[in-house]
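One structure is given here, and the rest of the page talks about it.
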Amino acid sequence: MNTDHIEQQNQRGRFASLKTWAKLIPFLRPYRGKMLALVVMMLAGAACDIAYPLLSGYAVDTFVTPHTSQGVFGFAVLYLSVVLIQMVGTIFLARLGLKVEMYLGRDLKKKLFVHLQSLSFSYYNTTPVGTIMARVMSDTNKIGSVFAWSLVEPQEGQFTFAFWDEFLDLAEAKGMKVIFGTPTATPPAWLTDKYPEVLNARRDGVLYRHGMRRHYNYNSKKYQELAARVVEQLGQHYGKRPCIVGWQIDNEFNCETQQFYSESDTVAFRQFLQEKYGTLEALNQAWGAVFWDQTYTSWEQVYVPRTTYGDGVNPNQQLDYIRFVSQSATRFCQMQCDILRKYSKPGDFITTNGMFGSLDNHRLVEDCLDVYTYDSYPNFAFAMGADPRHNTTLNDRKWGKNLMEVRSVCPHFGIMEQQAGAGGSSTRSAPAPKPGQMMLWAMQSIAHGADYVSFFRWRTVTYGPEMYWHGLLDYDNRPNRKLAELQRLHARVEAIQEMAGAEYIALLGLVKDYDNVFDAQLDAWHGDLANASEMELFVASQLAHTPMDALYLDHAALEDLQRYPVLFCPHQEILTPQRAQLLEEYVRSGGTLVLGARTGQKDAQGHCVMAPMPGLLSGLTQTQVREFTFIGPADDPVPMEWDGKQLDTGIFNDCLLYT
């Protein structure tokens with residue numbers, strides 16, 4: 001990468017002819033009133049600059065030399081008035097000047113973009129378009145880095161920064177801002193070949209080899225050491241770079257897989273359990289280990305879940321294992337954040353992108369991050385193999401549910417990867433977004449609370465596993481309708497920029513917590529109900545145009561619940577005394593709580609309690625469940641009457657007794 005051409009362009013720019021300046025006059029005409037105001041304010045500022053030495057001389061002659069203070073108060077008022085006039089004028093000059101600069105730049109870019117689209121194909125066959133397009137689109141002034149560890153450390157302990165130095169020099173020359181990503185999502189071949197213990201493994205112990213991404217495990221001491229070292233090097237070298245405004249940790253924690261079965265994970269899992277339970281007796285009781293003779297008499301007998309007959313697993317063990325995975329990812333993220341905060345500039349933020357399962361994302365933000373970002377790909381609703389014509393979950397509108405979850409983690413979040421083209425790989429495919437869909441999906445993110453949107457990606461890569469994951473520019477590197485759509489989106493966002501930072505207001509809440517989210521991942525009795533009910537509630541709220549928030553009880557206080565007149569708590573199977581008390585206090589303070597089937601059936605360890613459902617909330621509801629069942633494939637639908645209408649009762653029924 002060579003930046004010599006930038007200096008050459010700057011030299012040419014210093015000697016631009018009067019004809020070039022004359023061409024700008026038509027673009028200035030719409031802002032002549034603002035330009036006149038700028039001239040007046042600059043003249044006022046110059047007058048103040050002239051006044052200062054005159055006033056200083058007057059003060060010396062009138063007060064200092066004769067040693068008198070008579071009239072000094074009036075002089076002080078006059079002097080402060082001049083200072084105030086200059087200060088206010090400077091503020092308005094800066095703000096108005098910035099507005100004129102932004103509007104003028106926008107108009108120039110629009111004109112240039114229209115002109116580029118009118119040029120013949122032969123122009124693009126002979127002219128590199130990258131720099132031109134960078135200038136036209138420079139209002140999109142943040143870019144994220146590619147995670148490529150070997151560009152920084154091509155061999156163990158040998159660090160080079162030449163590539164990223166030139167890249168960041170170019171970004172600064174172009175006035176672009178950078179979110180720099182740590183490369184730990186993709187360990188290099190020299191690392192995984194020399195230290196295979198860093199690799200993740202299948203449940204049967206077979207290692208996931210080099211050639212994909214996210215093939216490491218969080219708990220390898222060697223990987224933690226090497227990851228910390230490369231992050232330290234990056235922080236030391238780039239922490240003060242002016243163009244860097246933020247850091248992205250890794251990439252998509254728990255994407256590709258949420259399961260980790262390496263030897264390092266077993267060692268760390270044992271430590272996790274020892275810290276939680278203290279003794280094997282407490283562990284055996286929590287896991288119900290006496291059943292099927294799973295009792296442990298030594299910590300060395302305890303492993304992460306392993307291959308078993310039918311691949312079954314103790315659900316109580318599995319619940320703790322998912323909690324362990326979440327903690328492992330959070331600690332790995334926190335390690336990197338702690339390093340970068342030693343070197344980053346004041347105001348630089350730290351983020352990561354998601355969101356994926358087996359991870360307490362609220363804890364991730366609370367312990368590690370300044371802001372959370374999401375990767376939004378609504379076009380999956382129309383991917384090959386989907387059935388959008390018969391879909392009952394609103395197709396791409398369903399991504400509003402994901403954004404609702406992100407908003408619960410971080411009310412003012414960002415979109416690190418907003419869909420720009422067809423997503424896919426050599427093993428899956430999807431149609432290109434229709435005209436207007438890219439703008440629609442970006443506005444969907446903004447409407448749900450995103451204050452920052454970054455499109456993935458600028459240019460479609462021509463090789464590798466994601467060569468069919470299309471960006472704004474296609475392989476031919478020419479202007480296209482997606483760029484034109486982004487220009488229109490920019491104008492639309494500019495018109496509503498005052499909304500940035502606005503609060504998303506909802507009066508309806510969906511109650512959740514991570515114990516139940518994790519339990520629903522492993523328990524079909526729980527997951528089938530939870531997934532169906534949450535989606536039905538979301539669809540109903542969307543069709544009724546009723547904003548809804550997700551609310552996590554394990555990260556909420558009573559005042560958080562009281563923001564919502566109505567809370568739906570569909571299937572709170574795991575119910576602790578603390579969370580039951582929180583829900584009771586909400587109801588007694590005037591809130592309306594709607595509970596669903598199987599509420600209160602389990603305790604914190606995932607054991608079914610020996611009491612009628614809804615367990616700890618029976619006193620509040622004054623009901624007990626006498627009998628319960630799924631509606632099976634051989635059963636007729638079971639309707640109910642509600643407000644004079646016949647409604648289907650879904651997939652699960654309770655027989656209630658009023659107490």
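Remarks
- Count of segment 239-259 residues, restricted to those that are in a loop (DSSP other than H, G, I, E, B), out of contact with any Asp or Glu (no Cβ under 9 Å at 6 or more places or on another chain) and open to solvent by 10 Å² or more (accessible area, probe 1.4 Å), is 5.
- Options 632, 600: the member that is farther than 19 Å from residue 537 by Cβ, out of contact with any Ser or Thr (no Cβ under 8 Å at 6 or more places or on another chain), open to solvent by less than 70 Å² (accessible area, probe 1.4 Å) and outside any helix (DSSP H, G or I): 632
- Every condition in (1) open to solvent by less than 70 Å² (accessible area, probe 1.4 Å); (2) part of a loop (DSSP other than H, G, I, E, B); (3) modelled with pLDDT under 90; (4) not basic (Lys, Arg) is met by residue 186 except one, and the failing one is (3).
- Residue match in segment 513-521 (condition: open to solvent by 30 Å² or more (accessible area, probe 1.4 Å), under 17 Å from residue 317 (Cα atoms) and of a type in the set (A, V, I, L, M, F, W, C)): yes
- Matching option when the condition is touching a Pro at 6+ places or on another chain (Cβ under 9 Å), modelled with pLDDT of 95 or more and farther than 30 Å from residue 163 by Cα, among 277, 223, 321, 303: 321
- Residue match in segment 537-549 (condition: in contact with a Phe, Trp or Tyr (Cβ under 9 Å, 6 or more places away or on another chain), open to solvent by less than 40 Å² (accessible area, probe 1.4 Å) and of a type in the set (Phe, Trp, Tyr)): no
- Tabulated pairs, segment 541-560, first farther than 17 Å from residue 514 by Cα, second not in a helix (DSSP H, G or I) and not aliphatic (A, V, I, L, M), C-beta under 8 angstrom, 6+ apart or interchain: 541/547; 547/504; 548/509; 558/589
- Selection from segment 538-559 of residues that are within 20 Å of residue 362 (Cβ to Cβ) and assigned to a helix (DSSP H, G or I): 538, 553, 554, 555, 558, 559
- Residue tally, condition in contact with a helix residue (DSSP H, G or I) (Cβ under 7 Å, 6 or more places away or on another chain) and within 19 Å of residue 264 (Cβ to Cβ), over segment 278-317: 5
- Residues of segment 102-117 include at least one that is modelled with pLDDT under 65 and either over 41 Å from the mean Cα position of the chain (by Cα) or on the phi < 0 side of the Ramachandran plot (or both).
- Number of positions in segment 321-348 that are within 30 Å of residue 527 (Cβ to Cβ), in contact (Cβ under 8 Å) with a residue 60 or more places away in the chain, open to solvent by less than 20 Å² (accessible area, probe 1.4 Å) and touching a helix residue (DSSP H, G or I) at 6+ places or on another chain (Cβ under 8 Å): 6
- Under the condition of being under 13 Å from residue 432 (Cβ atoms) and either in contact with a His (Cβ under 8 Å, 6 or more places away or on another chain) or open to solvent by 50 Å² or more (accessible area, probe 1.4 Å) (or both), the residues counted in segment 383-394 number 1.
- Where residue 446 falls short, out of the listed (1) assigned to a loop (DSSP other than H, G, I, E, B); (2) β-branched (Val, Ile, Thr); (3) surrounded by 15 or more Cβ atoms within 10 Å (Cβ to Cβ): (1)
- Checking each residue in segment 157-177 for being outside any loop (DSSP other than H, G, I, E, B) and open to solvent by 50 Å² or more (accessible area, probe 1.4 Å) picks out 158, 162, 163, 166, 169, 172, 173, 177.
- Segment 467-511 - residue that is polar (S, T, N, Q) and touching a residue at least 60 places away in the same chain (Cβ under 8 Å) and, of those, least open to solvent (accessible area, probe 1.4 Å): 487
- Any pair with Cβ under 6 angstrom, 6 or more apart, that starts in segment 648-659 at a residue that is over 17 Å from residue 636 (Cβ atoms) and ends at one that is open to solvent by less than 50 Å² (accessible area, probe 1.4 Å) and part of a loop (DSSP other than H, G, I, E, B): 654/597
- Sole exception among (1) open to solvent by 40 Å² or more (accessible area, probe 1.4 Å); (2) in contact (Cβ under 8 Å) with a residue 60 or more places away in the chain; (3) over 18 Å from residue 603 (Cα atoms) for residue 308, by number: (2)
- Among the numbered conditions (1) surrounded by 14 or more Cβ atoms within 10 Å (Cβ to Cβ); (2) part of a loop (DSSP other than H, G, I, E, B), the only one that residue 584 does not meet is (2).
- Pick from segment 189-212, criterion part of a loop (DSSP other than H, G, I, E, B) and in contact (Cβ under 8 Å) with a residue 60 or more places away in the chain, ranking: surrounded by the most Cβ atoms within 10 Å (Cβ to Cβ): 200
- When residue 42 is tested against (1) in contact with a Phe, Trp or Tyr (Cβ under 7 Å, 6 or more places away or on another chain); (2) under 30 Å from residue 26 (Cβ atoms), exactly one condition is not met: (1).
- The set of residues from segment 292-322 being of a type in the set (Asp, Glu), within 18 Å of residue 282 (Cβ to Cβ) and over 34 Å from the mean Cα position of the chain (by Cα) comprises just one member, 300.
- As a summary of the residue check, residue 535 satisfies the conditions (1) assigned to a helix (DSSP H, G or I); (2) touching a strand residue (DSSP E or B) at 6+ places or on another chain (Cβ under 9 Å) except for the one numbered (2).
- Test: residue in segment 320-333 that is in contact with a Lys or Arg (Cβ under 9 Å, 6 or more places away or on another chain) and on the phi > 0 side of the Ramachandran plot: no
- Hey, residue 593 buried (at least 22 other Cβ atoms within 10 Å of the Cβ), among the aliphatic types (A, V, I, L, M) and touching a strand residue (DSSP E or B) at 6+ places or on another chain (Cβ under 8 Å) or not: no
- Check on residue 532, without any contact (Cβ under 8 Å) to a residue 40 or more places away in the chain, of a type in the set (A, V, I, L, M, F, W, C) and out of contact with any Cys (no Cβ under 8 Å at 6 or more places or on another chain): no
The values are calculated or read from the model by the stated rules, or taken from the named source; none is laboratory data. Nothing here was measured: the structure is a model prediction, and the numbers come from that model. Backbone-built Cβ (ideal geometry, glycine too); neighbour counts: all protein chains shown. For the accessible areas, the whole protein counts, side chains as well, though only heavy atoms, and no ligand, DNA or RNA atoms are used. Shrake-Rupley method; radii C 1.70, N 1.55, O 1.52, S 1.80 Å.
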